[in-house]
Amino acid sequence: MSSEYQQYLDEAVKIAKIAGKIIKESFENRQFISENLNIKQNNSSDLVTATDQYVEKMVKSHLNKTFPTHSFIGEETTAANNNASCNLTDEPTWCIDPIDGTTNFVHGLPFICISIGLLIKKEPVIGVIFNPILNDLYTASKNGGAFLNGKPLPTIRPIQPLETLEKSLIITEYGANRSEESIKAKLDTLHDVISYPVHGIRSFGSAAINMCYVARGSCDAYYEIGIHAWDVCAATCILRESGGVVVGWKPYKSTTEPDKKKLKTGNEEDIDIINEKFDILNRHVLCIRQLAEGPKKQNEILAEIRKRLIDFETERD
Ligand code: LIP
């Protein structure tokens, strides 16, 4: 049954496959990568390649031709505009990361993807994430379900329970920010999470791929501070359509919405997390997979993780 978003999804899959061929060819041409490697804002940990820039230009031009009234947010376009703020409106807006996992791409690690999302009224309504090296194509549309190479997500069936954080495999990343404040906050958070104790911590080097591994059911949760809208837009649609939850690090406080009902956990901060809006420009993400126990358990585990997240000042997108 095709959804109202099917035309957008079909176009995104088409252009993602074309981009995937270009990315794969570059990935296999180490010489080309090393000769066309740059850094952003004098940060030697924040890499960008000619392939990132070329692919984004190609995708943006295709989408502008196909949907001339739509807006566009892209990682490299934003970088070229000195990281100007995104000015996201309610209008249809494509949100693109041409290569999510650029550092992996540069080092020849196959956890890379193109991520193409479409926002309408600031909500992700389609998501396409393609890893051309492992040939994993994730697709989703709002209320249309999420798929990996056509197979419904989660791929791990039956849906597994998660009694406590002690039995969880959690993903996080350390990002490109190397300030003392950032490093300390991330390591203190890691200490509090890992010493819960959890089964393990993983980092695949790409926010989009991290969220896809949560959507598959292979990992239980993912949190990161410092991500951008283009890293998580497509994956938010995919993870939500797989039965997962994507929120920020703090309870969503909206001046326009009534306070969410309080859960009977006795903890003031434990409002109804799973129904919070996700502020995609706020540089924080916390997400969890579908659980056999259902939404109440998702809420409980998210609250447990939230207690351990140490925030620091980050500029909005
Ligand atoms: C990456 C993100 C990842 C973050 C990295 C980097 P890029 O995006 O997906 O979550 O930890 O620092 O920002 O730069 O490879 O597109």
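Annotations
- Selected residue (criterion: most open to solvent (accessible area, probe 1.4 Å)) from residues of segment 164-191 that are on the phi < 0 side of the Ramachandran plot and part of a loop (DSSP other than H, G, I, E, B): 178
- Within segment 89-110, being within 15 Å of residue 231 (Cα to Cα) and more than 10 Å from the ligand (Cβ to nearest atom) holds for 93, 94, 95, 96.
- Test: residue in segment 16-36 that is crowded, with 20+ Cβ neighbours inside 10 Å, modelled with pLDDT under 95 and not assigned by TED's automatic domain parsing to the domain that holds residue 177: no
- Checked across segment 111-127, the condition of being more than 30 Å from residue 49 (Cβ to Cβ) and of a type in the set (Ser, Thr, Tyr) holds for no residue.
- Taking the criterion of being in contact with a helix residue (DSSP H, G or I) (Cβ under 6 Å, 6 or more places away or on another chain), more than 14 Å from residue 238 (Cα to Cα) and more than 14 Å from the ligand (Cβ to nearest atom), the only residue of segment 111-132 that qualifies is 132.
The values are calculated or read from the model by the stated rules, or taken from the named source; none is laboratory data. Small disclaimer: the values here were computed from a predicted structure and weren't measured. No Cβ is skipped: glycine too gets one built from the backbone with ideal geometry, and neighbour counts run over all protein chains shown. Protein only, heavy atoms only, side chains kept; ligands, DNA and RNA dropped before computing areas. Shrake-Rupley method; radii C 1.70, N 1.55, O 1.52, S 1.80 Å.
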